[in-house]
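None of the figures in this text is laboratory data; all of them are computed from the coordinates on show. Model, not experiment: these values are computed from the prediction. Heads up, the Cβs are rebuilt from the backbone with ideal geometry, glycines too, and the neighbour counts pull from every protein chain shown.
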């Protein structure tokens, strides 16, 4: 099978964003004199949107308090990112750079609204030809709209793309777009079909083996003039 492009989910595939998101929420809640609950932490780790996390964290608060927390969180996260040393998932940065060296077109399809700061921190922003965020689609994952739009912008057929996902919503979106989809997981989740393709990490050799024919796994050597 020819792979024309490789598309990635961001959170849990390329970057490990949950710990910093939790720390940012803890900071803004602490500054407001409010305890950040275990239920709210779980919502962050599940990738819930900011408005939902805040609703879970302060269900009885008035609209002014909720809006203040909502507005403060991005700045807290940006401050933490400035000093963060490791935000990429194991192997992800090396894998993306290896694919770029081999001329593979790549993109990110995410329900995040601001993936650039994360991809830059992980050192893979420049390698992405396309970024599709929740702001680019009318229906985010599990709708296939984002993946179909990414293929269109790359000028390739969806069936010729391979997508890497780590969640049911993401897997549903990518397979719904007609893409070969690989789940990043150590064991198959309960919802997975028996035929699902898995990689335990974004290790370079494993991902390249899935994405490239054997004769394309080495970077092209350029002749010196």
Between (i) 18.2, 80; (ii) 18.7, 69; (iii) 24.6, 78, the structure-derived Rg and Dmax of the Cα atoms in Å is (ii)
To the nearest 10 degrees, the tilt of helix 145-154 (Cα long axis) against the first principal axis of the alpha carbons of the chain is 40
From fewest to most C-beta neighbours within 10 Å, the residues 73, 48, 141 line up as 48, 73, 141
Quick calc: nm separation of the 7 Å Cα→Cβ label points for residue 23 and residue 125 -> 1.9
Sorted largest first, the Cα spans of segment 68-134 on the principal axes come out in Å as 46, 26, 16
Extend 7 Å from the Cα of residue 152 along its Cα-to-C-beta direction; within segment 168-187, residues with backbone N under 12 Å of that point are none
Residue separation between residue 55 and residue 39 times 0.36 nm, minus their alpha-carbon distance, gives in nm 4.7 nm
Connecting every pair of Cα atoms under 10 Å apart in the chain and solving the GNM, the largest mean-square fluctuation among 187, 201, 172 falls on 187
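Return the percentage of antiparallel bridges among DSSP beta bridges fully within the chain, rounded to the nearest 5 %.
Details: 1 of 20 bridges.
Rounded to the nearest five, the antiparallel share is 5 percent.
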Once residue 187 and residue 84 are pulled to full extension, the length gained, defined as 0.36 nm per residue separation minus their Cα-Cα distance, is 34.2 nm
Largest fluctuation, 123, 155, 170 only, Gaussian network model of the chain with Cα springs under 10 angstrom, belongs to 155
Simple spin-label estimate for residue 63/residue 75, 7 Å along Cα→Cβ, in nm, reads 2.2
